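Here's the structure, in structure tokens; my notes come after.
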Amino acid sequence: MEKRHVGFALLAFLAALPLLVITPFSQGFSSPEAGFLYLGRAFALSGVILFSLNFVLNSRLPFLEDVFGGLDRVLRVHHFVGVVSFALLLLHPLLLAAGFRSLGFLLPGPFWPKNFGIIALSLLALLLLITLFARIRYHNWKFSHQLIGVALFIAAVHVATIPSDISKNIFLRVYIFSIVTLGLVFYVYSTILQRPFHKRLHYSVQGVKSVGRDVYELVFAPKGKSLIHTPGQFVFLTVKSKAIPGESHPFTVSSASNDHLLRFTIKAVGDYTSSIQNLKKGDEAEIEGPYGRFFPKVHGNQIWIAGGIGITPFLSMIRSIKGRESVDLYYSVHNKDDAVFLDELLEFSRKMPNFRVHPHYSGVNGRISARDILDFRERDIFICGPVPMINSFTAQFLSMGVDRSRIYFEKFSLK
């Protein structure tokens, strides 16, 4: 089983396990009302389990990368599980109301155990709407996202006080409260304890240089121990400067793995990245990481496909390898002015016969597609760029018979 499937299988098992304890399936659907009640109870159990475990997924602990095959996959699963758990928890009262044939079941009243559930679900709905759809500044988004833990605490009070399968069955009681407690522990860890427990390295800004239209290279020097990373990995960068918000953001390392200086190639696309050009030499920074599994331990013939600023992991890789691998790099940008570090890449291709660069200018030749990639069969394919480009190439290669295990990519987004 692939690593990315191990984590999904584990989550599904943990969410489904309590369903073996409540009313058996055959008895649960003896009538429509009984079926609604069975599903309402089942969705509540699975929903609260996934809701709690999602706080574990948000912890950025190293073992999660091993289970899911990279932090980018962990965060995509975190997003997916959040939506699924909310859907299950939302259906829980609706199905119970259908089973009891009473819309009044959905309204608050004098019975506070039920009111706690209504409050928790309403708060969760509001915070998820902000998390998924609101266009607000990152630090405000992050604060609203952290408040989701409050909804878990109120939900825990609801679970502990309302008469249910959990209150009647010792196994369910121990199992559910163990997982809910785990979720609350990881909520406290992520919001309060993560900073002192996660190792951070101290660096200072050595220089900021414009390398293209709205693209900057940041160079940092270590103030002590240097980061040990492999090509394609990323870190969470926090800069202590009045010129930039003191937030932690992920950036792919573009320097070689043996370079004591740390380099990032960043495109100014938002408030935070647009202020990077204002950093000054000597500004202090903290580095957390590295994370990511973009380049596994593979050798041999490879295809690299970069879209725009997606060139960054390939810069790190080509600056690190010794030319033993046979690589064809397809670098897609709108025009030549957008092709940052193209001269350096072409110089590498002149020095390393096994490394070939194929610039593609979409403003002239249209969007790059799998048909533009030569001799890709039986080669490992690495893709980095905008998510629609990654999805498109993946679908095209799969339709052409490329084995999914040969396609590597990272889709990274905090929101």
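Return the total of residues in the stretch 313-347 being assigned to a helix (DSSP H, G or I) and at positive phi.
Keep residues of the stretch 313-347 that are assigned to a helix (DSSP H, G or I), which gives 313-320, 336-338, 342-347.
Okay, now just the ones that are also at positive phi, so none.
Residues meeting the conditions: 0.
Give me a count of the residues in the stretch 227-240 that are assigned to a loop (DSSP other than H, G, I, E, B) and either in contact with a strand residue (DSSP E or B) (Cβ under 6 Å, 6 or more places away or on another chain) or crowded, with 18+ Cβ neighbours inside 10 Å (or both).
5
So, in the stretch 267-300, how many residues would count as being surrounded by fewer than 16 Cβ atoms within 10 Å (Cβ to Cβ) and either assigned to a loop (DSSP other than H, G, I, E, B) or of a type in the set (Val, Ile, Thr) (or both)?
So the answer is 11.
Look through LYS240, LYS209, LYS199, LYS225 and report the one residue that is among the basic types (Lys, Arg) and either at positive phi or in contact (Cβ under 8 Å) with a residue 60 or more places away in the chain (or both). Steps first, please.
Numbers: LYS240 fails: either at positive phi or in contact (Cβ under 8 Å) with a residue 60 or more places away in the chain (or both); LYS209 fails: either at positive phi or in contact (Cβ under 8 Å) with a residue 60 or more places away in the chain (or both); LYS225 fails: either at positive phi or in contact (Cβ under 8 Å) with a residue 60 or more places away in the chain (or both).
Of LYS240, LYS209, LYS199, LYS225, the one residue that is among the basic types (Lys, Arg) and either at positive phi or in contact (Cβ under 8 Å) with a residue 60 or more places away in the chain (or both) is LYS199.
Enumerate the pairs (first residue in the stretch 337-352 and free of Cβ contacts under 8 Å to residues at least 40 places away in the same chain; second residue anywhere and outside any helix (DSSP H, G or I) and surrounded by fewer than 18 Cβ atoms within 10 Å (Cβ to Cβ)) with beta-carbon separation below 8 Å, excluding pairs fewer than 6 apart on the same chain, so at least 6 apart or on different chains.
So the pair list comes out as LEU342/PRO359; SER349/ARG356; LYS351/GLY323; MET352/GLY323.
Would you mind stating whether PHE264 is hydrophobic (A, V, I, L, M, F, W, C), crowded, with 17+ Cβ neighbours inside 10 Å and touching a Leu at 6+ places or on another chain (Cβ under 7 Å)?
yes
Given the condition closer than 26 Å to ARG137 by Cα, surrounded by fewer than 18 Cβ atoms within 10 Å (Cβ to Cβ) and of a type outside the set (Gly, Ala, Ser), answer yes or no: does some residue in the stretch 244-258 qualify?
yes
Take the conditions free of Cβ contacts under 8 Å to residues at least 60 places away in the same chain and out of contact with any Cys (no Cβ under 7 Å at 6 or more places or on another chain) and apply them to PHE55. Does it pass?
When the stated conditions are applied, PHE55 does not pass them.
Name the single residue, out of those in the stretch 168-226 being of a type in the set (A, V, I, L, M, F, W, C) and touching a Pro at 6+ places or on another chain (Cβ under 9 Å), that is surrounded by the fewest Cβ atoms within 10 Å (Cβ to Cβ).
Across the stretch 168-226, the extreme among qualifying residues is PHE171.
Looking at TRP304 and the list (1) in a loop (DSSP other than H, G, I, E, B); (2) at pLDDT 95 or above; (3) of a type in the set (Phe, Trp, Tyr), which single condition is not satisfied?
(1)
Which of the numbered conditions does PHE264 fail, given that it passes all the others? Conditions: (1) part of a helix (DSSP H, G or I); (2) under 19 Å from VAL211 (Cβ atoms); (3) modelled with pLDDT of 90 or more.
Here PHE264 clears every test but (1).
The values are calculated or read from the model by the stated rules, or taken from the named source; none is laboratory data. Keep in mind that what you see is a predicted model, and the values were worked out from it rather than measured. When we count neighbours, we look across all protein chains shown, and the Cβ atoms used for this are built from the backbone with ideal geometry, even at glycine.
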